[in-house]
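The structure appears right after this line, and notes come after that.
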Amino acid sequence: MYKLLSHNDLDGVGCGILAKLAFDQEVKVRYNSVSSLNREIEFFLENDSPDTFLFITDLSPNEENVKRLNAHFGENGKVQLIDHHKTALHLNDYEWSSIVVEREDGKLTSATSLFYEFLVLNNLLEARDSINEFVELVRQYDTWEWEKNENHKAHALNSLFYLVSIDDFEETMMERLRNSDDFDFDEFEKRLLNMEEDKIDRYIRRKKREIVQAKVGEYYAGIVYAESYHSELGNELGKEYAHLDYIVILNMGGKRISYRTIHDHVDVSAVAGHFGGGGHQKASGSALTDVAYKQFVLDTFHLEPLQEDAKKNRYNLKESAFGTLYKTKGDDLFLLYHQNGKWTVDKNKKTMSETFPTFDEGERFLKRNFEAFLVKDDFFVEYLIKEVKNNNSNKK
């Protein structure tokens, strides 16, 4: 008999589907949040038969349960933990644990991809094309490679996962993987996913108008309240407000925080670690602790939301030869322009001392320090006309 304790997200449930494909009725699968895993481990150690082989995937136990699992393994050897989070690397000290964040070629792993390799290598599951593709879709979504590779099928798989119950998702995927030579969505699922995509777009547009900016330690963070679509929201907010180092998404009902970044210089698993959480470099989570509540809620609640940059401009464009015009909510105006091989800023028509080697660095300075935003074309054109008139008047 086998028992699998896994995470309750797509990567964790992917492990559950593989376990059921491999062991059928001989496996019991339990999906857990980060906080509930240790209760399940304690229940297993106290109540399950010592002949039951325990798999733990996509989650890591606390220090006390690590000791108990090590003792259990010493007695019967029937424990295997498989994970891919950087925060769990210390568990590689134990014979029953395998933590692999990335391969030698730089390819990032997921719990589903690692568990699949384990099952195939030990002749517990036969590889086939449909399973290969399913596992790769899960891996690319969980590591965010799907965006770099423009693999929207991976993103759609995660959307489908949240549109149905875990039981329905498991049943549908298992039937498809058992009976199909390749992996794809049926017509009903495609229609459902199209409707969901529209819903997500509307949700993200609304949240873009609610995000606030705060300096947290050495970083600038964007903070927003949201109950749903954390991965999609964090990614889009990160791109819209690229001057921010990371995005903090507060789920007040669930008392949880999600951390997301699009930047390579930030490791949000370290940020989450300050509050007892963890995860990946670019996607992590933690509980909303008292310290986190003060830092991200109490200390930022009074802040005004950021103003979005103007869209669909034809004239006030970034790196424009005429300069690029920004404004603050306090009505300060900033013109960022190229002069003598460097980027210079005029604040309210007075040249600032700061200069920048690139446009992006200049814009980042304006957004981080002044929360400036790109103005619309009509405002920009009116500004230029006034400048021309003033220059002509001064020449007379």
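The values are calculated or read from the model by the stated rules, or taken from the named source; none is laboratory data. Source: prediction; values computed, not measured. Here the Cβ positions follow ideal geometry from the backbone for every residue, glycine too, while neighbour counts run over all protein chains shown. SASA here: full protein model, heavy atoms, side chains in, ligands and nucleic acids out. Shrake-Rupley method; radii C 1.70, N 1.55, O 1.52, S 1.80 Å.
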query = Given just the C-alpha atoms of segment 233-272, how large is their convex hull per residue in cubic angstrom?
reply = 62
Debye log10 I(q)/I(0) for the chain, one point scatterer per Cα, at q = 0.08, 0.09, 0.12, 0.15 Å⁻¹ = -0.53, -0.64, -0.99, -1.34
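I need the calculated FRET efficiency for the pair Val388 and Phe301, taking r as the beta carbon distance and R₀ as 51 Å, to the nearest 0.05. Intermediate results must be reported in sequence, preceding the final value.
Working: r = 44 Å, r/R0 = 0.87.
Efficiency at R0 = 51 Å is approximately 0.70.
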key: Folded to 0 to 90 degrees: helix 129-143 orientation relative to the chain principal axis, Cα   = 50
ask   = Among Phe359, Leu89, Met1, whose Cα lies farthest out toward the positive end of the dipole of the chain, if unit charges sit on the beta carbon of Lys, Arg (+1) and Asp, Glu (-1)?
value = Phe359
Segment 229-381 - convex hull of the alpha-carbon atoms, volume per residue in Å³ = 135
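Sum -39500 (n - 2.57) across every DSSP H segment of at least 4 residues in the chain, then divide by the residue count to get the 222 nm mean residue ellipticity, nearest 500.
Working: 14 runs with 169 residues, N = 396.
Using -39500 (n - 2.57) per qualifying helix, the result is -13500 deg cm²/dmol.
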request  = Any chance you could run the full-extension gain for Asn340 through Val164? It's 0.36 nm times the residue separation minus the Cα-Cα distance, nm to one decimal.
outcome  = 57.5 nm
request  = Taking amide H positions as placed in the peptide plane 1.01 Å from N, state which residues far from Val29 in sequence (5 or more) or on other chains have amide H under 5 Å from it.
outcome  = Leu4
remark   = Measuring from the longest principal axis of the C-alpha atoms of the chain, the long axis of helix 377-395 (C-alpha) lies at a number of degrees, nearest 10, equal to 30
ask   = Can you give the angle from 0 to 90° between the axis of helix 187-208 and the longest principal axis of the chain, with both taken from C-alpha atoms, to the nearest 10?
value = 50
query = If r is the Cβ-Cβ distance from Lys312 to Glu26 and R0 is 41 Å, what FRET efficiency results, to the nearest 0.05?
reply = 0.10
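With a 10 Å radius around each residue's Cβ, average the other Cβ atoms per peptide and rank 18-24, 79-85, highest first. Mind showing how you got there, number by number?
Working: 18-24: 20.6, 79-85: 23.1.
Ranking the peptides 18-24, 79-85 by packing returns 79-85, 18-24.
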message = Nearest 5 percent is fine: what portion of the DSSP beta bridges confined to the chain is antiparallel?
response = 60
message = For segment 94-197, what does the convex hull of the Cα positions come to per residue, in cubic angstrom?
response = 129
task = Be a star and scan segment 187-216 for residues whose amide nitrogen sits under 14 Å from the point 7 Å along the Cα-to-Cβ vector of Ser228.
result = 193-207
ask   = Cα gyration tensor of segment 99-160, axes a ≥ b ≥ c as square roots of the eigenvalues: rounded (a/c below 1.5), prolate (a/b > b/c) or oblate?
value = oblate
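When Rg is the radius of gyration of the Cα atoms in segment 139-269 and Rh is its Kirkwood radius, what does Rg/Rh come to? Write out the running numbers ahead of the final one.
Working: Rg = 16.6 Å, Rh = 16.3 Å.
Result for segment 139-269 is an Rg/Rh of 1.02.
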message = Starting from the 7 Å offset along Cα-to-Cβ, what nm value, one decimal, do you get for the label separation of Phe322 and Asn123?
response = 7.4
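Shape of segment 287-340 from its Cα gyration tensor (a ≥ b ≥ c, root eigenvalues): rounded if a/c is under 1.5, otherwise prolate when a/b > b/c, or oblate? Walk me through the intermediate numbers first.
Values: a/c = 3.08, a/b = 3.00, b/c = 1.03.
The shape class here is prolate.
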task = Calculate, for Glu171 and Glu95, the FRET efficiency according to 1/(1 + (r/R0)^6) with r their C-beta to C-beta distance and R0 35 Å; round to the nearest 0.05.
result = 0.50
message = Explain nothing, just compute: Karplus ³J(HN,Hα) = 6.51 cos²θ - 1.76 cosθ + 1.60, θ = phi - 60°, for every residue of segment 160-169 in order, whole Hz, x for Gly and Pro.
response = 4, 4, 8, 7, 10, 6, 4, 4, 5, 5
task = With +1 on each Lys and Arg Cβ and -1 on each Asp and Glu Cβ, and nothing else charged, work out how big the dipole of segment 278-383 is about its Cα centre, in Debye to the nearest 20.
result = 180
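For the peptides 330-339, 56-65, what is the packing order when you average, over each peptide's residues, the other Cβ atoms within 10 Å and list the highest mean first?
On the way: 330-339: 15.4, 56-65: 20.5.
Highest to lowest by the protection proxy: 56-65, 330-339.
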inquiry  = Which one, Ile257, Phe275, Leu233, projects farthest toward the positive side of the charge dipole computed for segment 200-330 from Cβ point charges (K/R +1, D/E -1)?
reply    = Leu233
inquiry  = Output wanted: per-residue J couplings in Hz (rounded whole) for segment 295-303, from phi through Karplus 6.51 cos²θ - 1.76 cosθ + 1.60, θ = phi - 60°, x for Gly and Pro.
reply    = 5, 9, 10, 4, 6, 10, 4, 7, 6
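Under a Cβ-only charge scheme (Lys and Arg +1, Asp and Glu -1), can you give me the dipole magnitude of the chain about the Cα centre, in debye to the nearest 20?
Working: 51 positive and 70 negative charges, 528 e Å.
My answer is approximately 2540 debye.
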ask   = Counting Lys and Arg as +1 and Asp and Glu as -1, what is the net charge of the other residues whose Cβ lies under 13 Å from the Cβ of Ser180?
value = -4
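Of Arg176, Arg314, which has the most accessible area and how do the rest follow, probe 1.4 Å? Present the calculation step by step, with values, prior to reporting the outcome.
Values: Arg176 35, Arg314 175 Å².
Sorted by accessible area, descending: Arg314, Arg176.
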inquiry  = Averaging over every viewing direction, what projected area does the convex hull of the Cα atoms of segment 1-121 cover, in nm²?
reply    = 7.1
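Sort 125-136, 152-163 by the packing proxy (mean of other Cβ within 10 Å over each peptide's residues), most packed first.
Numbers: 125-136: 17.2, 152-163: 19.1.
Ranking, from highest mean packing down: 152-163, 125-136.
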